[in-house]
Amino acid sequence: MKLLLVISLTWAFDYLAYSQSSNEWRNIRPLHTTRAEVERLLGPPSGQCKCVYEVENETIRIDYSSGPCKGLLSGWNVPADTVLRVNIAPVREQKFTELGIDVSKYVKITDDSFTDYYGNRDVGIRYTVSPTGIITGISYFPSTGDKYLRCPGFPSEDSSVIDYKPFDQYFTSMWDRSQARLDNFAVSLQEKSDFKGHVITYAGKRACRGEASAYANRIKNYLVNERGIGAKRLKVIDGGYREEFTTDLFLIPSAWPAPVASPTLPPREVHILKRCKKRIE
């Protein structure tokens, strides 16, 4: 037990020094380390999710796969209880600038609270930085080199680096229930001329072929032709499949990267209806 405490204290003070070049945190690597291996290193977990670990006043949350292609980061072809992401809350204050990293190699976004996020897909790491420049979180996630483990039917990348909150989200393809929300979205786009609108639609577990794409295009046509939004300010994406039909609406500054689709179901688990009228009318 004493040896474990000494090791834990060492981890708390030196992990920032080497975390810039690898997504492996003390032998815990996303997509390659199991829950059993984690618990041998960190001890038993706590929390309702059974995924939180306390290491000498440092909190570590680990997201695990719930099965092939499933988990909080969906779309990775690994067994259940495989590490998908490691999230660390630092034990001591450190300025992000003290790391001396080349920020030109990172994607940077800023949320409404002026918190900055610096992500690098090639390495598989993301820093959360407070408005005062202090690192408040570090996440390790699958890197570019792990793409061979991506499940068929999912986007080539998950949402680890770019994880925006939708401006609005709704769960119906019935047009008469969607228009008010789209009108609100259009008003916000008109008020924010330096923003772009991104629409991601997901078909449900029982779907018509091409249903999500057809609905996304209908949204774009409505916003352009009925609400006067410039076509170049809109991007629509067929996001794949989720448990139920879902539309995510995003308002993103024009200079920022587009949001990444995050389906939760592989195509093999979806029942494609052979005879159906597109459910977008």
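What follows is calculated from the coordinates using simple rules that are stated; it is not laboratory data. What you see is a predicted model, and the numbers here were worked out from it, not measured in a lab. Note that each Cβ is placed from the backbone with ideal geometry, even for glycine, and that neighbours are counted across all protein chains shown.
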Practice problem: Treating each Cα of the chain as an identical point scatterer and ignoring solvent, apply the Debye formula and state log10 I(q)/I(0) at q = 0.10 Å⁻¹. | Solution: -0.61
Self-check item: Quotient of C-alpha Rg and 2.2 N^0.38 Å, computed over region 185-225
Solution: 1.40
Exercise. Would you kindly give the portion of the calculated P(r) for region 75-148 that falls above 20 Å, as a percent of all Cα pairs?
Key: 35
Practice problem: Kindly write out, for region 107-124 in residue order, the coupling ³J(HN,Hα) from the Karplus curve 6.51 cos²θ - 1.76 cosθ + 1.60 (θ = phi - 60°), rounded to whole Hz, with x marking Gly and Pro. | Solution: 7, 10, 10, 10, 8, 5, 8, 6, 7, 9, 10, 10, x, 10, 5, 4, 7, x
Quiz item: Using a Förster distance of 35 Å, how high is the FRET efficiency between Cys276 and Lys147, based on the Cβ-Cβ distance and rounded to 0.05?
Solution: 0.55
Quiz prompt | Estimated inter-spin distance, Asn77 and Ser22, nm [label 7 Å along Cα→Cβ] | solution = 2.6
Exercise. Using only alpha carbon pairs under 8 Å that are at least six residues apart, calculate the relative contact order of the chain and give it in whole percent.
Key: 16
Quiz item: What share of all Cα pairs of region 168-273, in percent, falls into each consecutive 5 Å distance bin?
Solution: 2, 13, 24, 24, 18, 10, 6, 2, 0
Practice problem: Go through region 257-265 residue by residue and turn each phi into a ³J(HN,Hα) via Karplus (6.51, -1.76, 1.60, θ = phi - 60°); whole Hz please, and just put x for glycine and proline. | Solution: x, 5, x, 9, 5, 9, x, 10, 10
Quiz prompt | Dipole magnitude (debye, nearest 20) for the chain, charges at Cβ of Lys, Arg, Asp, Glu | solution = 1200
Quiz item: Looking at Leu84, Leu234, Ser74, which one has the Cα that reaches farthest to the positive end of the dipole of the chain (charges on Cβ: Lys, Arg +1; Asp, Glu -1)?
Solution: Leu234
Exercise. Along Cα→Cβ, 7 Å out, is where each label goes; now give me the distance between the ones at Glu191 and Ser156 in nm to one decimal.
Key: 3.7
Quiz item: Computed over the Cα atoms of region 80-205, what is the ratio Rg over Rh, Rh following Kirkwood?
Solution: 1.03
Quiz item: In nm, what is the difference between 0.36 nm times the number of residues separating Ser113 and Val52 and their Cα-Cα distance?
Solution: 19.4 nm
Quiz item: Long-range amide H contacts for Thr136: which residues qualify at under 5 Å (H placed 1.01 Å from N, peptide plane, sequence gap of 5 or more or a different chain)?
Solution: Thr128, Val129, Ser130
Self-check item: Per-pair calculated FRET efficiency, R0 = 30 Å: Arg40 and Trp256 via Cβ, rounded to 0.05
Solution: 0.15
Quiz item: Taking amide H positions as placed 1.01 Å from N in the peptide plane, with prolines and chain starts having none, which residues 5 or more places from Val55, or on another chain, fall under 5 Å of its amide H?
Solution: Ile60
Quiz prompt | Lysine pairs in region 2-149 with Cα atoms under 27 Å, if 8 or more residues apart or on separate chains | solution = 7
Quiz prompt | Using θ = phi - 60° and Karplus 6.51 cos²θ - 1.76 cosθ + 1.60, couplings along region 67-73 (whole Hz; Gly, Pro as x) | solution = x, x, 6, 10, x, 4, 9
Quiz item: Out of residues 5 or more away from Thr172 or on other chains, whose amide H comes under 5 Å of its own, with H placed 1.01 Å from N in the peptide plane?
Solution: Thr247
Quiz item: Taking Cα atoms, how many degrees apart are the long axis of helix 2-18 and the longest axis of the chain, rounded to 10 and kept between 0 and 90?
Solution: 50
Quiz item: Taking only the alpha-carbon positions of region 2-149 and ignoring solvent, what does the Debye formula give for the base-10 log of I(q)/I(0) at q = 0.12, 0.13, 0.17 Å⁻¹?
Solution: -0.50, -0.59, -1.01
